[in-house]
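Heads up: the structure comes next, in structure tokens.
The values are calculated or read from the model by the stated rules, or taken from the named source; none is laboratory data. Quantities reported herein were computed from a predicted structural model and do not represent experimental measurements. Don't worry about glycine lacking a Cβ; one is built from the backbone with ideal geometry, like all the others, and counts go over all protein chains shown.
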Amino acid sequence: MELTRQQIPEGMQDVMPGQCALMRRCENSLRKLFSLSGYQEVQTPMLEFLSVFTSEDHGISARKMWKTFDREGRILTLRPDSTAPAVRLASTRLFRNLPARLSYIQSIATCEDIGEASLNENTQAGVELIGSNGAEADAEIIALAARCLRAVGLDEFLIDLGQVEFFYGLMEEAGLSRDTSLELAESLAKKDILGMELLLSRSGASKEAMQKLMLLPSLYGGEEVFERAEKLSDNPRCQCALKNLKDILAALDVYGLRSMVSIDLGLIYKSYYNGMIFRGITDALGQPLISGGRYDGLPQSFSLKAPATGFGLSLSQLMIALERKNGAPEIPVTHTLVGFCDGALATAARLCEDERSAGRSAALIYDGGREKLTEMLTAGSCKAAVWIGKSGKAEKLGGEAK
Amino acid sequence: MITIALAKGRLAEETMTLLEKLGIDCSEPRSPGRKLVLTDKTGEYSFILVKPSDVPTYVYHGVADIGVAGKDTLMEQNKPICEVLDLGFGRCKLAIAGKPEMRDKQNTSGSWRVATKYPQIARRFYGGRGQTIEIIKLNGSVELGPLVGLSHVILDIVESGSTLRANGLEVFEDVCEVSARLVVNEVSLKTKQAEIRPLIDRISELTKEREEK
């Protein structure tokens, strides 16, 4: 037999009964939450044209996508993300119905470097609010993200909130090129002060600009960060960014979430976000569970002139966090197993139906007779076992009453 | 509780000396015996002793909040973890070295074979200049590569340069400076801010003082 016949590709995973049940429960609570909040669920194609996801400055690297071709030789990819397809869909079919509130729970596939316990297949749940601008819309998204974490049983979380415009304002003020900005953003994302210093010393930035930029990695913490940040620059772009964050915080106060927020003006990542960005983090996982933000430029790249904001939550990461917090999920068993001797199928089937009507799962056991049934009950494969004998009489085997 | 990943060997020694200066009890990790998870007297800190190249992994996955690792290891693995401080010890550099007669021969040889423990750094270093190389991954005694004709050059850590000299090799060019870095998990940095931030600040002060001396 070929070895690969019993293996799965690296980064893919089988989801086993207990895990799967937990995952569906989480998905169901999220779906309900999205729907109650006015977000309509959509599903986008598994295969899309590569160009949906690539873009000069913020696209996903083609190296990280699973690619194939259509009959005309055009490059297709398994969707590596759901935001771009949702925006594509809105730009071509919903542009008359803005604002649009869309949600999705679907798997995405990426092609990460080997050797890391990275998930190449991941279920992503998320929402996009397309066509609404301003801090209040952003706060709605953040509040919904917080509700998601609570809905899946993670009450202890933190919203890490940033605004990329603050960084770009400082970059503009320093007169740095776009390339340098992007490189600097990469070091800043790691709070790598030394790396930033090196880049800046080569960039020809003024000493003053450099000093300011070097403060960025430490501009995180509670709301006291604003005071430090305001002193840093009176550049209108930076001031606007700070005002926007304060407005978002004021709106989050309405939702009782202000105390769950940590500000980080050095928060930045290479993507389409162009306003506030945020991540939902919890002690139970070393990486962010939720990430989102405002991305007005993305609809523009699909010729849709509309602001947009949203977030995505990784369900596969969530499963890891829940397992670390609560231990491995319980493996579900069928409540009642029913065995029967020749000719007693009708009675056995009826008994199963009765159990099901009462809301208990039930299934028939065909082989191995009474002995096998007793064995399964002892092994914990069911909570109750019933044997239907020759007379058609139901006999409940050992163990507790149902 | 804060979990600190220590890179077994010299880096761990230096790190413990640093932590002890801050009044953190390191007696258990100093003589760990066979234990792998160790704690200080107050129970505020726990330590795990790991292979140097595993430090970024433990920190990335959040099972250690903080770690100390060489810049070389961090660059090679390029994981999204926060690299908050240069601790100033473990200083050396990464450099390209080879036999003297191979200097400047890259453009005239068909393929350029580089033996190294750091394939990713090598790829990025040459790739950044638009040069394609053939990488030969070795796990130790990299200097052997050019001596036995396995590779044209090596990309490796150079401290005093005495190993190179003893084998008739010389440095062609520097790749970058290396030193020990304090790394922090990006989630811990926020969720355990109240404990971690003062610790970073204190270590930073101490490092500065030492450098001024």
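Couple of notes before you dig in:
- Test: residue in segment B:134-149 that is within 12 Å of another protein chain (Cβ to nearest Cβ) and in contact with a helix residue (DSSP H, G or I) (Cβ under 9 Å, 6 or more places away or on another chain): no
- Evaluating B:Gly161 against the criteria (1) more than 14 Å from chain A (Cβ to nearest Cβ); (2) touching a residue at least 60 places away in the same chain (Cβ under 8 Å); (3) farther than 30 Å from A:Ser259 by Cβ leaves one unmet condition, (2).
- Taking segment A:312-402 and the helices (runs of 4 or more DSSP H) fully enclosed by it, the elements with 1 or more residues that are out of contact with any Cys (no Cβ under 7 Å at 6 or more places or on another chain) and in the same structural domain as A:Arg279 (by TED's automatic domain parsing) are at A:315-326.
- Meeting the requirement of 3 or more residues that are in contact with a strand residue (DSSP E or B) (Cβ under 6 Å, 6 or more places away or on another chain) and more than 30 Å from B:Ile66 (Cα to Cα), the strands (runs of 3 or more DSSP E) wholly within segment B:92-189 are B:92-98, B:113-116, B:134-137, B:170-178.
- Conditions (1) touching a residue at least 12 places away in the same chain (Cβ under 8 Å); (2) assigned to a helix (DSSP H, G or I); number of the one not met by A:Gln300: (1)
- Within segment B:113-163, the set of residues being of a type in the set (A, V, I, L, M, F, W, C) and within 17 Å of B:Glu173 (Cα to Cα) comprises B:Val114, B:Ala115, B:Ile121, B:Ala122, B:Phe125, B:Ile133, B:Val142, B:Val153, B:Ile154, B:Leu155, B:Ile157, B:Val158.
- Qualifying residue in segment B:176-197 (condition: more than 14 Å from chain A (Cβ to nearest Cβ) and on the phi < 0 side of the Ramachandran plot): no
- Segment A:361-383, subset touching a Ser or Thr at 6+ places or on another chain (Cβ under 6 Å) and farther than 22 Å from A:Gly343 by Cα, residue surrounded by the most Cβ atoms within 10 Å (Cβ to Cβ): A:Cys382
- For segment A:246-294, a residue qualifies if it is out of contact with any Asp or Glu (no Cβ under 6 Å at 6 or more places or on another chain), farther than 24 Å from A:Leu322 by Cβ and in a helix (DSSP H, G or I), and the qualifying residues are A:Lys246, A:Asp247, A:Leu249, A:Ala250, A:Leu252, A:Asp253, A:Val254, A:Arg258.
- Selected residue (criterion: farthest from A:Asp192 (Cα to Cα)) from residues of segment B:49-62 that are in contact with a strand residue (DSSP E or B) (Cβ under 7 Å, 6 or more places away or on another chain) and within 14 Å of another protein chain (Cβ to nearest Cβ): B:Tyr58
- Scanning segment B:101-116 for residues that are surrounded by 17 or more Cβ atoms within 10 Å (Cβ to Cβ), under 17 Å from B:Val148 (Cα atoms) and not β-branched (Val, Ile, Thr) yields B:Met102, B:Trp112, B:Arg113, B:Ala115.
- Hits in segment B:17-32 - residues which are surrounded by fewer than 20 Cβ atoms within 10 Å (Cβ to Cβ) and either in a helix (DSSP H, G or I) or not assigned by TED's automatic domain parsing to the domain that holds B:Gly62 (or both): B:Thr17, B:Glu20, B:Lys21, B:Ser27, B:Glu28, B:Arg30
Condition check ((1) within 14 Å of chain B (Cβ to nearest Cβ); (2) under 15 Å from A:Ser132 (Cα atoms)) across all residues:
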{"position": "A:Met260", "(1), (2)": "yes, no"}
{"position": "A:Arg279", "(1), (2)": "yes, no"}
{"position": "A:Gln287", "(1), (2)": "yes, no"}
{"position": "A:Ser291", "(1), (2)": "yes, no"}
{"position": "A:Asp296", "(1), (2)": "no, yes"}
{"position": "A:Pro299", "(1), (2)": "no, yes"}
{"position": "A:Gly310", "(1), (2)": "no, yes"}
{"position": "A:Leu313", "(1), (2)": "no, no"}
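- Residues within segment B:33-48 that are in a loop (DSSP other than H, G, I, E, B) and surrounded by fewer than 16 Cβ atoms within 10 Å (Cβ to Cβ), tallied: 8
Rundown of residues vs (1) acidic (Asp, Glu); (2) closer than 22 Å to A:Leu245 by Cα; (3) in contact (Cβ under 8 Å) with a residue 12 or more places away in the chain; (4) within 13 Å of another protein chain (Cβ to nearest Cβ), yes/no style:
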{"residue": "A:Glu172", "(1), (2), (3), (4)": "yes, yes, yes, no"}
{"residue": "A:Glu183", "(1), (2), (3), (4)": "yes, no, yes, yes"}
{"residue": "A:Leu188", "(1), (2), (3), (4)": "no, yes, yes, yes"}
{"residue": "A:Asp192", "(1), (2), (3), (4)": "yes, no, yes, yes"}
{"residue": "A:Met196", "(1), (2), (3), (4)": "no, no, yes, yes"}
{"residue": "A:Leu200", "(1), (2), (3), (4)": "no, no, yes, no"}
{"residue": "A:Ser203", "(1), (2), (3), (4)": "no, no, yes, no"}
{"residue": "A:Leu215", "(1), (2), (3), (4)": "no, yes, yes, no"}
{"residue": "A:Leu219", "(1), (2), (3), (4)": "no, yes, yes, yes"}
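- For segment A:64-85, residues that are of a type in the set (Asp, Glu) and in contact (Cβ under 8 Å) with a residue 24 or more places away in the chain total 1.
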